[in-house]
Amino acid sequence: MSRKHGFALATVCSVLFIGQAHAQPADRRIAPNQSVAPNQYLVARVQAGATLARYLQSLRTELLRLDANGNGAIDTADADLLNAIAGANFRSNAASPFINADLDGDGVVTESELRQKLGYELRLRGPANLSFPPRSPADIDEQISQEVRRLMAADTDGDGRVTWNEIIDYAKRQNNYTRNSTSAAATSIRQLLPLAPNGGTSVSLVEIEAAAAAVFAAVDSDDNGTISQDELSEARSRAERTLREEKTVIDCGLPAASERSKVVLLGTYETNALSSVALGSQDSLTGAGTIVVEPGDQPLYLLIASYQPIIWRFEGAVERIERVVITTTQTGINKYAAKDPPWAGVTGLAADRVSFPHQSGCFGYFTDAPSLDSAKAAATIKQQIKKDVDVTAGLQRVTGFQIPSGKADTSESYRIALLAKPAVGAPTMGPDTPNPDQKAATGDVERNFRQLTPGGLIEIDAVSVVTSTTAVPYEVRPQEAGLVQLMQSGALTRNQRGEFLIHKQMRFPTALVGRHAARFLLLRGVPMPEGDAGGSLVVSEETGEAIEKRR
């Protein structure tokens with residue numbers, strides 16, 4: 001082996017094959033389900049017959065596409081923008097049947113308009129659209145009626161008029177919305193972000209090219225400047241071996257399961273409720289979920305994997321819980337390190353029955369079962385505890401689960417339960433009940449929060465939380481719940497344009513990103529708030545210019 005190749009290989013092994021890192025933009029936009037090392041991206045783009053110049057030129061073309069905001073770096077903001085564009089494209093396609101049926105151009109669509117437009121389209125297509133033998137007028141009318149009923153489901157307030165907001169909400173309720181509003185390019189960004197210096201969330205194109213050159217040098221084992229098929233095959237095999245070796249060194253530290261226990265594995269991306277307690281940091285967006293233990297005699301060994309930091313509240317026949325093991329993908333603020341401890345918490349169980357893996361990458365989260373990801377998680381668990389998983393359940397966004405059945409609870413089922421019987425820890429918005437004037441001022445902010453976070457904000461006693469990190473009450477509650485809290489305290493008011501005016505020292509609520517983002521005006525003489533404004537716009541009244549957000 002040449003000295004040059006030896007150095008390059010060492011560089012690749014020490015820089016590119018390290019750790020199984022994860023990355024995510026601020027508003028939970030990138031959703032990695034498993035570990036990805038950056039060499040998978042770079043090595044996959046080396047082709048047999050390539051020279052370094054051709055390889056780098058091809059790579060530059062692709063990186064320019066990934067650098068969506070054109071700032072010369074690959075970062076979480078690029079993923080935000082690419083995912084936002086993907087979501088907009090999906091919503092646009094879903095809205096098309098409504099927009100095309102707005103026959104009078106008044107901005108709303110009625111059942112009559114839909115029926116007229118669909119009838120016209122069927123007549124226009126003529127016999128080519130008809131089955132053989134030709135369908136009767138009654139059959140055609142039924143086809144139109146079925147489509148009208150499907151589209152009029154968007155009319156959530158039942159006034160017979162589908163508005164633009166209802167169309168957008170209808171698009172977001174589609175089963176494939178989450179999948180189709182995530183750009184495939186986000187996967188490439190996730191593969192590259194572990195190259196960022198010091199575990200950051202931005203890596204420059206220059207830094208990527210330097211890493212790519214090191215990869216090329218390592219692949220070019222005979223040092224002749226051109227990649228052969230044999231060299232390429234060996235490099236890809238080496239990358240796969242390295243990933244397998246990385247996985248074997250992860251220390252799960254999972255306690256043994258008793259012979260009689262039933263093993264239950266749950267997976268989710270996030271919960272649809274937020275916690276009043278922050279895990280790890282005031283800037284952490286911490287979810288709250290409920291695990292209802294069903295009656296029975298068999299002990300339960302429960303494992304839960306989520307993307308979001310979550311405090312799980314246990315209710316019901318909790319005496320059945322032999323052990324609960326909780327892990328998360330997120331291990332810090334904008335940090336997704338597989339070898340770091342998870343950020344998770346539990347209430348309603350004694351601490352001696354709660355475990356957290358030594359490393360969050362022990363087994364990954366999943367949002368569907370059965371699926372490839374749930375199968376991988378179950379296989380890892382079986383290897384660790386020497387016992388099969390009996391029940392597996394997963395969903396993208398939940399209020400909680402019932403175990404051992406694995407039934408996932410959604411916001412709708414939770415809302416019905418709350419209406420039937422008020423519960424301790426029911427969703428709230430702020431620490432105090434607002435007076436009528438405050439209700440009028442904060443009403444639309446609360447409505448936006450309810451729409452985006454149907455489970456609301458759950459009151460949790462920080463002292464009761466068994467956690468792998470720290471658990472402290474939010475100084476300012478997250479997202480719109482915090483905006484309401486600040487308005488109630490007088491730190492914020494809102495003008496007729498919906499902009500928030502900052503009157504005194506305060507802290508930004510965490511996770512004001514995406515649809516939660518706001519517009520702030522920092523009034524003269526008021527110090528810059530603590531915390532991170534997220535994706536919100538902050539303008540100084542003194543200068544009239546935007547103030548760069550800071551953490």
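The amide H of Ile547, built 1.01 Å from its N in the peptide plane, has Val538, Val539, Ser540 as neighbours under 5 Å, considering only residues 5 or more places off or on other chains.
Given Lys172/Lys262; Lys335/Lys376; Lys262/Lys376, which pairs have Cα atoms separated by over 29 Å?
Lys172/Lys262
Mind giving me the FRET efficiency for Ala184 and Glu207? R0 is 25 Å, r the Cβ-Cβ distance, nearest 0.05 is fine. So, using R0 = 25 Å, E works out to roughly 0.60.
Largest first and in whole Å, what are the equivalent-ellipsoid semi-axes of segment 304-379 based on the Cα gyration tensor, each being the root of 5 times an eigenvalue?
They are 21, 16, 11 Å, listed largest first.
Assuming R0 = 25 Å, what is the FRET efficiency of Lys382 and Lys407, from their Cβ-Cβ distance, to the nearest 0.05?
The calculated FRET efficiency here is 0.60.
Sorting the segments 283-291, 311-319 by their mean number of nearby beta carbons within 10 angstrom, highest to lowest, gives 283-291, 311-319. When you count the other C-beta atoms within 10 angstrom of each residue and take the mean per peptide, 503-513, 379-389 line up highest first as 503-513, 379-389. Each Lys or Arg adds one and each Asp or Glu takes one away; over the other residues whose Cβ falls under 11 Å from the Cβ of Pro473, this sums to -2. Note on Glu259 and Glu121: the extension gain reaches 43.3 nm, defined as 0.36 nm multiplied by sequence separation minus the Cα-Cα distance. Taking the accessible area of segment 281-325, probe 1.4 Å, and keeping the other protein chains in place, the carbon and sulfur fraction comes to 49%. Label reach from Leu537 (point 7 Å along Cα→C-beta): in segment 495-527, amide nitrogens under 12 Å belong to 498-500, 518-521.
The values are calculated or read from the model by the stated rules, or taken from the named source; none is laboratory data. None of these values were measured; they are calculated from a predicted model. Counting neighbours? That spans all protein chains shown, and the Cβs are built from the backbone with ideal geometry, glycine included. These accessible areas exclude ligands, DNA and RNA; they are computed on the full protein's heavy atoms, side chains included. Shrake-Rupley method; radii C 1.70, N 1.55, O 1.52, S 1.80 Å.
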